[in-house]
1. Contact list please: Cβ distance under 6 Å, first residue in the range 254-277 and over 9 Å from Tyr26 (Cβ atoms), second residue at pLDDT 95 or above and hydroxyl-bearing (Ser, Thr, Tyr), pairs at least six apart or on different chains.
2. Can you tell me which residue is farthest from Gly11 (Cα to Cα) among those in the range 23-45 that are charged (D, E, K, R) and in contact with a helix residue (DSSP H, G or I) (Cβ under 9 Å, 6 or more places away or on another chain)?
3. What residue, among those in the range 242-265 that are more than 15 Å from the chain's Cα centre (by Cα) and more than 16 Å from Arg7 (Cβ to Cβ), is surrounded by the fewest Cβ atoms within 10 Å (Cβ to Cβ)?
4. Given the range 158-277, what helices (runs of 4 or more DSSP H) lie entirely inside it while holding 1 or more residues that are at pLDDT 95 or above, of a type in the set (Ser, Thr, Tyr) and under 21 Å from Gly59 (Cα atoms)?
5. Among residues belonging to the range 32-44 that are out of contact with any Asp or Glu (no Cβ under 8 Å at 6 or more places or on another chain) and crowded, with 20+ Cβ neighbours inside 10 Å, point out the one that is farthest from Ala85 (Cα to Cα).
6. Just one of the numbered conditions (1) closer than 23 Å to Pro206 by Cα; (2) in contact with a helix residue (DSSP H, G or I) (Cβ under 8 Å, 6 or more places away or on another chain) is not true of Leu249; which one?
7. Filter the range 114-140 down to residues that are assigned to a helix (DSSP H, G or I) and basic (Lys, Arg) and give me whichever is surrounded by the most Cβ atoms within 10 Å (Cβ to Cβ).
8. Out of all the residues in the range 1-18, which are within 25 Å of Lys237 (Cα to Cα) and touching a Gly at 6+ places or on another chain (Cβ under 9 Å)?
Amino acid sequence: MLKGLTRAGIGGSLSDEHLIQLAAQYQFEAVDLEALGFIERNGMEQAKALLAGNRMRIGSISLSVQWRTSEDAFQEGLKRLAQEAAAAAALGCTSCCTYILPSTDLKSAHFMALAIRRLRVCAQILGAYGVRLGLEFVGPHHLRTAWANPFIWTLEETLDLIDAIGEPNVGLLFDAYHYYTNELTVEDILKLRADQIVHVHINDAPPVPVEQVLDNDRLYPGEGAIDLVGFLQGLHKIGYKGVVSQEILTPTAPTDSPEVLLERSRQGFEKVFGAAGLINR
């Protein structure tokens, strides 16, 4: 498994170029960023050179298409998706991810129909460029009632949604925080196949009752209550070899420098990967 970073938890103002350089300096192997914008700013050859020169890869791009709201917004977003997929593929990135909120102001059945159709279209466009679509279920209890009607928040429901979409390039964005807030176990990971997982996020949770865990109150790996050793060992046992990207959402932006936050992150990864027996894998 490759150790990766999102911008969440390391300061959001870093340029792509600085993010790549710092990630390499602090012994990370992948960064999540938007490939098309990166190429537009640097040109294709320079973008490739920046990644290669720092022995870095792009872990995932995010799905920019607004599939959760109006049909007009969805159709407008589709216009750029092929370009984004082509840019990702050109830089060797084969993952694109989006999250599914656990409640909605739309009627649940209506929203399910919209989600299946819209995500299928997105998957088909991405698939034409060899890019997979990862769907992230969101587990914290407070978000299950944040909007009027319940929607998807479990692993089982998300796998059923993936089956309903019916495209071979659709799988899971598997986040340790949502694994924890759904009270899943390593046994649940062992029931999965590695090819069902598109991308992984890692983070930690404060030691409070799981029902009180907030989505934007995350800790760095190894600083909280999640059994990240078991989480990583489970992924290793099923043969997952992709990127594990840190994602630390907090109530306010961090005030420490990116260098301090990256060193904290590096130590957290070293702690949990080492305890899982994966430090050199």
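The values are calculated or read from the model by the stated rules, or taken from the named source; none is laboratory data. Keep in mind that what you see is a predicted model, and the values were worked out from it rather than measured. When we count neighbours, we look across all protein chains shown, and the Cβ atoms used for this are built from the backbone with ideal geometry, even at glycine.
1. The qualifying pairs are Arg264/Tyr220; Gly268/Tyr220.
2. First, pick out the residues of the range 23-45 that are charged (D, E, K, R): 29, 32, 34, 40-41, 45.
Now drop any that are not in contact with a helix residue (DSSP H, G or I) (Cβ under 9 Å, 6 or more places away or on another chain), which leaves 29, 34, 40-41.
Working: Glu29: 18, Glu34: 16, Glu40: 23, Arg41: 21 Å.
This residue is Glu40.
3. Narrowing the range 242-265 to residues more than 15 Å from the chain's Cα centre (by Cα): 250-265.
Still in the list and also more than 16 Å from Arg7 (Cβ to Cβ): 251, 263.
Numbers: Pro251: 8, Glu263: 14.
It comes out as Pro251.
4. Numbers: elements: 176-181, 186-190, 228-237, 258-275.
In the range 158-277, the matching helices (runs of 4 or more DSSP H) lie at 176-181, 258-275.
5. Pass one, the range 32-44, residues out of contact with any Asp or Glu (no Cβ under 8 Å at 6 or more places or on another chain): 32, 39-40, 43-44.
Those still in the list that are crowded, with 20+ Cβ neighbours inside 10 Å too: 32, 39.
Working: Asp32: 14, Ile39: 12 Å.
Only one residue fits best here, namely Asp32.
6. Every condition holds for Leu249 apart from (2).
7. First, the residues of the range 114-140 that are assigned to a helix (DSSP H, G or I): 114-127.
Subsequent filtering for residues that are basic (Lys, Arg) retains 117-118, 120.
Working: Arg117: 14, Arg118: 20, Arg120: 16.
Going through the qualifying residues, I end up with Arg118.
8. Within the range 1-18, the subset within 25 Å of Lys237 (Cα to Cα) is 1-6.
Result: Met1, Leu2, Gly4, Leu5, Thr6.
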